[in-house]
Amino acid sequence: AEDGYRLWLRYDKIENAALRSSYSNQLQYIKVYGQSPTLAAAQKELVMGLSGLTGNTPRESATTEQASLLLFTRFTQPAQLTGITTDYAALGQDGFCITTARIKEKKVTIITANTDIGVLYGTFHLLRLLQTQQPIQAVQVVSVPAIQHRILNHWDNLNRTIERGYAGFSIWNWHTLPDYIDQRYIDYARANASIGINGTVLTNVNANALVLTHDYLLKVKALADAFRPYGLKVYLTAKFSAPVEIGGLKTADPLDTSVQHWWQHKADEIYELIPDFGGFLVKANSEGQPGPQTYNRTHADGANMLADAVGTHGGIIMWRAFVYDVRVQKHDEDFDSNKTNKNLPDIAAADRFKQAYAEFTKLDGQFRKNVLVQVKNGPIDFQPREPFSPLFGAMPQTPLAMEFQLTMEYLGQGTHLVYQAPLFKEVLDADTYATGKGATIAKVIDGSLYHHSLSAIAGVSNIGSERNWTNHPFGQATWYAYGKLAWNPNANARDIAREWVQQTFTHQPQAVQTITDMMMASREAVVNYMTPLGLHHIMGASGHWGPGPWVNNAGRADWNSVYYHRADSFGLGFNRTATGSNALAQYKPEVQAQWKDSNTCDERYLLWFHHVSWQHHMHSGKTLWDELCTRYQQGVDTVRRMQASWNSLQTVIDPERFHQVQQLLSIQEKEARWWRNSCLLYFQTYSRMPLPAGVEPPD
Ligand code: GCU
């Protein structure tokens, strides 16, 4: 039965016999120059992949003369092959080159790189060419990642529950570690290596200091050892209060020398066990987590102390900018967007949107060289659509890491089909205008805009203990696409979808087209049936599942839906222009110009920045109310089209996954209707306008 466990690394026999034998003839005799666990992994993957795909087990070749597929690095390139020149300088640490050449009239295929891990990445690339049935007779690929650290963030707790995880429990079995190495760990590492992911933060940002105790570190070391051949570095979250909680100190003040020594010793202990330990990810002074501000120190003080501790060993600190605090709550009564903010003691406190920028831009230039500030893609929290965070481009002296969320906390969670590559692309391609036109977020993140050599990107993992890893078979596509875009932010979301479908489901061209179209439509669908036209954060309280535009007592003002949508008898939306919270002022003038006038504002962001009347004249000619209703309906309609498309594939897809996706789509359709009905009935109590033609009355 097809249970989805193999992800996109399915090496089933290619149907076309001619293609099979041409691949197998070309790649029959493998020779790997050099010895290492990584090269062994490459060879093993090739044997498994080629045997499966071609039906022919490749041989290990004893001599260079006999070899037809040669794997080597710059340092192991055989003397006979001096004629083959590779621009190694251009490949960097992780890049690779796949090429064909002739040795004494014999055609050979070569995978080469500066490092063993580069060779492994090239190996996966070659296998992907076969999996997607590309011609390889004259293959010529040079591929170099744009971003240095391409990381998954697991929000996994030590008791194996996962914060915002919808695919079962944590795949880290702390109970059986360190002595039991589950094959799943290896398959996890293979999957990540196949898409270029080279780091994993094992633990939740809402951290547990226990993972830093010696017994747990032994378990972490076992995972690091299992992952190392695949180039996957291990990182941990550091709880700022650890020196008090597990170190017996009275304080965790970052300027206290006993605290500094404690972290230094802790880092030494970790590096003794794990010499290539990646470093720490830290959530501090956010949502109740301890941090330097607890001791009247700054984020920079806290980050720098940890940076010094790991820096001597080559580690990095990823310090999160996801901060907002209770000051916001004090201004509950000022949420009426028609008021000005002149009475507020601290402008930043008036709108959660503005806090990260307010706190972090003033620290630019104060961080150590091995610190990155990790910023969520949007200013609030992983909504179906957000404008990009104004921090991007606003901290020229600090390398900024991107944080995306693969797990779909606010996008229907484990049961909705939402291919997120279009969301990621929308953010990466956005222009910050920080240095003039063309200062895209991709260039901020890859370090090129401000010439930082340190660069990183993070995806909050959607992986769990479900057989198919992500619960929804299409969740795998977002994991896959994240890796591909981390490697190359310029890649195209549709191309990535297509190659994922070919590897995961089918090669039948019509079916590939149908599934790719479904995936490409899915992100706009979720925006429409949940939060069209710039609505945001109107889901159920705390669980963030299902509609909850009425939520008004979630414990904090800025957890309430009414804080964000501000519906009243006049209209809808959050005024963030100069007459409101003025969050818009955090963007460059060119960006402000796109959004500041409610009549010309890109309507995808309208209600993010404007409180407009129910009668507001939309670009379609409709009123805001009618347009809103139409969008909610369109969201439902798109899901129904996805259902019809999927149903047309019954004969192409294996029965297990066909049935699974069919059931999930029916949940999605039901929940899309739930969203539409709830939101329209709720907002109608303010608009007092009838549903326009073409919008189904709530059932
Ligand atoms: C969201 C999410 C939390 C998470 C937080 C974070 O608020 O709901 O569960 O801890 O983001 O990113 O730190």
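The values are calculated or read from the model by the stated rules, or taken from the named source; none is laboratory data. Please read all numbers here as calculations on a predicted model, not as lab measurements. Here the Cβ is made from the backbone with ideal geometry for all residues, glycine too, and neighbour counts use every protein chain on show.
Considering segment 653-669, the residues that are within 27 Å of the chain's Cα centre (by Cα) and without any contact (Cβ under 8 Å) to a residue 40 or more places away in the chain include one that is nearest to PRO532 (Cα to Cα), namely GLU669.
Restricting attention to segment 519-578 and to residues that are within 16 Å of the ligand (Cβ to nearest atom) and among the aromatic types (Phe, Trp, Tyr), the residue that is surrounded by the most Cβ atoms within 10 Å (Cβ to Cβ) turns out to be TYR564.
Would you say GLY83 is out of contact with any helix residue (DSSP H, G or I) (no Cβ under 8 Å at 6 or more places or on another chain), under 30 Å from HIS472 (Cα atoms) and not hydroxyl-bearing (Ser, Thr, Tyr)? No.
For segment 400-427, give me each residue that is under 18 Å from SER666 (Cα atoms), within 16 Å of the ligand (Cβ to nearest atom) and outside any loop (DSSP other than H, G, I, E, B). Scanning segment 400-427 gives GLN413, GLY414. Of a type in the set (Val, Ile, Thr), outside the structural domain of ASP94 (by TED's automatic domain parsing), within 16 Å of the ligand (Cβ to nearest atom) and not in a helix (DSSP H, G or I): is that true of VAL234 in this structure? So VAL234 fails the test. Look at SER51 and say whether it is within 16 Å of THR123 (Cβ to Cβ), of a type in the set (Ser, Thr, Tyr), surrounded by fewer than 18 Cβ atoms within 10 Å (Cβ to Cβ) and not assigned by TED's automatic domain parsing to the domain that holds GLY475. Yes; evaluated as a whole, the condition is true for this residue. There is at least one residue in segment 382-396 that is in a loop (DSSP other than H, G, I, E, B) and of a type in the set (Lys, Arg). When ARG352 is tested against (1) more than 14 Å from the ligand (Cβ to nearest atom); (2) at pLDDT below 95, exactly one condition is not met: (1). Does ASP568 satisfy being charged (D, E, K, R) and under 14 Å from PHE683 (Cβ atoms)? Yes; evaluated as a whole, the condition is true for this residue.
GLN650 meets all of the listed conditions (1) more than 30 Å from the chain's Cα centre (by Cα); (2) within 30 Å of PHE505 (Cβ to Cβ); (3) buried (at least 21 other Cβ atoms within 10 Å of the Cβ) but one, namely (3).
Yes/no matrix, rows are residues, columns are (1) assigned to a helix (DSSP H, G or I); (2) more than 30 Å from ILE316 (Cβ to Cβ); (3) touching a residue at least 60 places away in the same chain (Cβ under 8 Å); (4) acidic (Asp, Glu):
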residue: HIS452; (1), (2), (3), (4): no, no, no, no
residue: ALA458; (1), (2), (3), (4): no, no, yes, no
residue: GLU466; (1), (2), (3), (4): no, yes, yes, yes
residue: TRP469; (1), (2), (3), (4): no, no, yes, no
residue: HIS472; (1), (2), (3), (4): no, yes, yes, no
residue: ALA481; (1), (2), (3), (4): yes, no, yes, no
residue: VAL501; (1), (2), (3), (4): yes, yes, no, no
residue: GLN510; (1), (2), (3), (4): yes, yes, no, no
residue: THR514; (1), (2), (3), (4): yes, yes, yes, no
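Figure legend. Inter-residue proximity from segment 346-375: first residues under 21 Å from GLY311 (Cα atoms), second residues modelled with pLDDT of 90 or more and among the basic types (Lys, Arg), beta-carbon distance below 7 Å, spacing 6+ or different chains. Indicated pairs: GLN374/ARG320.
Candidates ALA242, ALA224, ALA267: the one that is modelled with pLDDT of 95 or more, buried (at least 20 other Cβ atoms within 10 Å of the Cβ) and within 17 Å of PRO292 (Cα to Cα) is ALA242.
Among residues of segment 387-436 being among the β-branched types (Val, Ile, Thr), crowded, with 21+ Cβ neighbours inside 10 Å and within 19 Å of the chain's Cα centre (by Cα), the one that is farthest from GLN594 (Cα to Cα) is THR407.
Which of the residues that make up segment 275-290 are out of contact with any Lys or Arg (no Cβ under 8 Å at 6 or more places or on another chain) and either among the acidic types (Asp, Glu) or at pLDDT 95 or above (or both)?
Within segment 275-290, PRO275, GLY279, PHE280, GLU287 qualify.
Condition check: surrounded by fewer than 18 Cβ atoms within 10 Å (Cβ to Cβ) and either farther than 15 Å from ILE195 by Cα or outside the structural domain of THR86 (by TED's automatic domain parsing) (or both). Does ASN153 satisfy that? Criteria not met by ASN153. On the stretch given as segment 201-222, residues that are within 16 Å of the ligand (Cβ to nearest atom) and in a helix (DSSP H, G or I) total 0.
Among the candidates GLY315, GLY248, GLY278, GLY291, single out the residue that is within 16 Å of the ligand (Cβ to nearest atom) and not charged (D, E, K, R). GLY291 is the lone residue from the list that is within 16 Å of the ligand (Cβ to nearest atom) and not charged (D, E, K, R).
This table checks each residue for (1) assigned to a helix (DSSP H, G or I); (2) in contact with a Leu (Cβ under 8 Å, 6 or more places away or on another chain); (3) within 16 Å of the ligand (Cβ to nearest atom).
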residue: LEU158; (1), (2), (3): no, yes, yes
residue: ARG164; (1), (2), (3): no, no, yes
residue: GLY168; (1), (2), (3): no, no, no
residue: ARG190; (1), (2), (3): yes, yes, no
residue: ALA193; (1), (2), (3): yes, yes, no
residue: ILE197; (1), (2), (3): no, yes, no
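Note on segment 243-260: residues that are outside any loop (DSSP other than H, G, I, E, B) and either out of contact with any Phe, Trp or Tyr (no Cβ under 8 Å at 6 or more places or on another chain) or aromatic (Phe, Trp, Tyr) (or both) amount to 6. Residues in segment 261-311 that are outside any helix (DSSP H, G or I) and within 29 Å of the chain's Cα centre (by Cα): 19 in all. Pairs linking a residue in segment 384-409 that is within 19 Å of GLY436 (Cα to Cα) to a residue that is outside any loop (DSSP other than H, G, I, E, B) and among the polar types (S, T, N, Q), with Cβ atoms under 8 Å and 6 or more positions apart or on different chains, are PRO390/GLN586; LEU391/THR361; ALA394/THR361; ALA394/GLN586; MET395/THR361; LEU400/GLN374.
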